[in-house]
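Below is one structure, written out as structure tokens; the observations come after it.
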């Protein structure tokens, strides 16, 4: 959430951010009109309350001096109270409208974010690792896994519907090894490992900025709870409504959880395999920093580097993309995607994303900290994928396949499976 003072002073910049993020800029004008009405009504209410207080004080003084209030004074007091009763509900309604409209204003992209309408505007920052040149026709991950009895989508679809899957045998163990290795790697970097609730309330979804823009892509329960699509939701909201101390920052959290996404708008995309599924497992990192964009940007690069380090440990080829305005979230100030090479598709596919928000989320969640000087500021927040499976698992399977259909286990994961080859 942006501060209303910033929006008033930079309304055209905010409108342009809406346009660049493919959102309707008209919401800015609607918000400012609501803000103007709110302030005008607040002024009237404040004036009437002051009149009421002064009038009550005057009558109190008269009574203390032995004089009774006149009929005119009594009538005037009633008139002020009547006016307040009429206008206060109107002020409450406009305040509610104003607060809601604020949540529809997107974040301003950082200056180095390219402007573009969609994924065509993303820029490749770097490519790392040599794209493997297999001396045989690579098989897709689902065929490799099914042939080794490591994946079953036939029974899963019968039970859970389209995009459901069972991981079996060494397929499951390989996934768990990947997640465990990723979490251990973050722990050595000072991140606190945490399990998180995957059922969260609506306030948390709005607070983290997943609502209103991502509302369609989340499952809702009959109890008005929502299945989170990432551990970021719970971790970012962990200190909602609390005040921290500057000496405790940065706060580094690593969450592991099942994640759920409806994949709205993905009809016909990735219908084969387990690239795009409704339920998956993920290790996610979240960091709170001080209110300094330079330091936040450094953390953004460091967190992206941690994901890259994992891919290098796995000896996978990848590329880092700087996302353009039209292909990043409404709340994000800057975002990187990491795409890993998939031999059967002969292309890079997204496996990670890293974003920073400045105080966009912390204002919505009311997470502050007291500076060393005693001032109160909102923390700056970041998040990043460390490992998401089965997508990253699929990349491992495809890159480590043998001509005979067996799958080599990456060296760093062999200790968990206690074998070098599957199949």
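At-a-glance table
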{"read-out": "Single residue of region 38-50 satisfying the filter (farther than 21 Å from residue 366 by Cβ and in contact with a helix residue (DSSP H, G or I) (Cβ under 8 Å, 6 or more places away or on another chain)) that is surrounded by the fewest Cβ atoms within 10 Å (Cβ to Cβ)", "value": "49"}
{"read-out": "Sole residue being closer than 30 Å to residue 328 by Cβ and either modelled with pLDDT under 90 or loosely packed, with under 14 Cβ neighbours inside 10 Å (or both), chosen from 20, 24, 35", "value": "24"}
{"read-out": "From 90, 72, 97, residue being farther than 30 Å from residue 296 by Cα and either in the same structural domain as residue 332 (by TED's automatic domain parsing) or loosely packed, with under 11 Cβ neighbours inside 10 Å (or both)", "value": "72"}
{"read-out": "Set 158, 139: member being part of a helix (DSSP H, G or I) and either surrounded by 14 or more Cβ atoms within 10 Å (Cβ to Cβ) or out of contact with any strand residue (DSSP E or B) (no Cβ under 6 Å at 6 or more places or on another chain) (or both)", "value": "158"}
{"read-out": "Out of 298, 272, sole residue that is without any contact (Cβ under 8 Å) to a residue 12 or more places away in the chain and either more than 30 Å from residue 415 (Cα to Cα) or in a helix (DSSP H, G or I) (or both)", "value": "298"}
{"read-out": "So residue 340, is it closer than 17 Å to residue 390 by Cβ and assigned by TED's automatic domain parsing to the domain that holds residue 272", "value": "yes"}
{"read-out": "Of the criteria (1) more than 30 Å from residue 394 (Cα to Cα); (2) in contact (Cβ under 8 Å) with a residue 60 or more places away in the chain; (3) part of a helix (DSSP H, G or I), which one residue 110 fails", "value": "(3)"}
{"read-out": "Every residue from region 315-336 that is assigned to a loop (DSSP other than H, G, I, E, B) and over 12 Å from the mean Cα position of the chain (by Cα)", "value": "315, 316, 317, 323, 324"}
{"read-out": "In region 367-423, the residues that are crowded, with 24+ Cβ neighbours inside 10 Å, out of contact with any helix residue (DSSP H, G or I) (no Cβ under 6 Å at 6 or more places or on another chain) and assigned to a strand (DSSP E or B)", "value": "385"}
{"read-out": "Residue match in region 245-260 (condition: over 24 Å from residue 189 (Cβ atoms) and either in the same structural domain as residue 189 (by TED's automatic domain parsing) or surrounded by fewer than 17 Cβ atoms within 10 Å (Cβ to Cβ) (or both))", "value": "yes"}
{"read-out": "Some residue of region 217-229 being touching a residue at least 60 places away in the same chain (Cβ under 8 Å) and in contact with a strand residue (DSSP E or B) (Cβ under 9 Å, 6 or more places away or on another chain)", "value": "no"}
{"read-out": "Residues being within 17 Å of the chain's Cα centre (by Cα) and buried (at least 21 other Cβ atoms within 10 Å of the Cβ) - total across region 337-366", "value": "16"}
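The values are calculated or read from the model by the stated rules, or taken from the named source; none is laboratory data. This is a predicted model, so every value here is computed, not measured. As a convention, Cβ positions derive from the backbone with ideal geometry for all residues, glycine included, and neighbour counts pool all protein chains shown.
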